[in-house]
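Notes follow the structure.
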């Protein structure tokens, strides 16, 4: 796994290795990440990355948030409660030398506390597939003021997702067995 483009381009990220069997880490492949960012940067959504405050829910390795940071996002907050995931995110923040713009919140993404900072404009949502955790995490993030009005949500799952109440479906793409749903948060 590596950063595809931007200031960290070519940086090899920490290997998941055998990992923790209980962690169920499933990093977004370089190919899917490249296609996803091509869609984001392709003009359909304007430029949702430059200067964005990014929230990476179920962060895993942190590759999505770090790719956004590499491409000009202002900052990124990674949320994952897995020990292996937390270790990988911290290692990848070090590898990219992005400590000043990146922060790990070691929490379950479906149990976020009230957000004391400004809300986030770009949200990556990559929950364990097929468990219904994406809907729950979005509802908790909205209630906790983590998601800005009109924020762009990029949701990876093993099937296309419907827009939950308060969100508008913008687009859907399929890359192998990965379905990416693009949503906009209500104003």
key: Yes/no for residue 51 being surrounded by fewer than 20 Cβ atoms within 10 Å (Cβ to Cβ), out of contact with any helix residue (DSSP H, G or I) (no Cβ under 7 Å at 6 or more places or on another chain) and assigned to a loop (DSSP other than H, G, I, E, B)   = yes
task = Look at residue 152 and say whether it is touching a strand residue (DSSP E or B) at 6+ places or on another chain (Cβ under 6 Å) and crowded, with 18+ Cβ neighbours inside 10 Å.
result = yes
ask   = Residues in the range 79-96: is at least one buried (at least 21 other Cβ atoms within 10 Å of the Cβ), out of contact with any strand residue (DSSP E or B) (no Cβ under 8 Å at 6 or more places or on another chain), closer than 24 Å to residue 181 by Cα and in contact (Cβ under 8 Å) with a residue 12 or more places away in the chain?
value = yes
query = Exactly one of (1) within 13 Å of the chain's Cα centre (by Cα); (2) surrounded by fewer than 18 Cβ atoms within 10 Å (Cβ to Cβ) is unmet by residue 125. Its number?
reply = (2)
key: Of residues in the range 118-148 being part of a loop (DSSP other than H, G, I, E, B) and in contact with a strand residue (DSSP E or B) (Cβ under 8 Å, 6 or more places away or on another chain), the one farthest from residue 39 (Cα to Cα)   = 118
query = Does residue 102 meet the test of being at pLDDT 95 or above, surrounded by 15 or more Cβ atoms within 10 Å (Cβ to Cβ) and closer than 28 Å to residue 172 by Cβ?
reply = no
ask   = Can you name the number of the only condition in (1) outside any strand (DSSP E or B); (2) free of Cβ contacts under 8 Å to residues at least 60 places away in the same chain that residue 40 fails?
value = (2)
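The values are calculated or read from the model by the stated rules, or taken from the named source; none is laboratory data. A quick note: this is a predicted structure, and the numbers were derived from the prediction, not measured. Because the Cβ atoms are built from the backbone with ideal geometry, glycine has one as well, and the counts that use them run over all protein chains shown.
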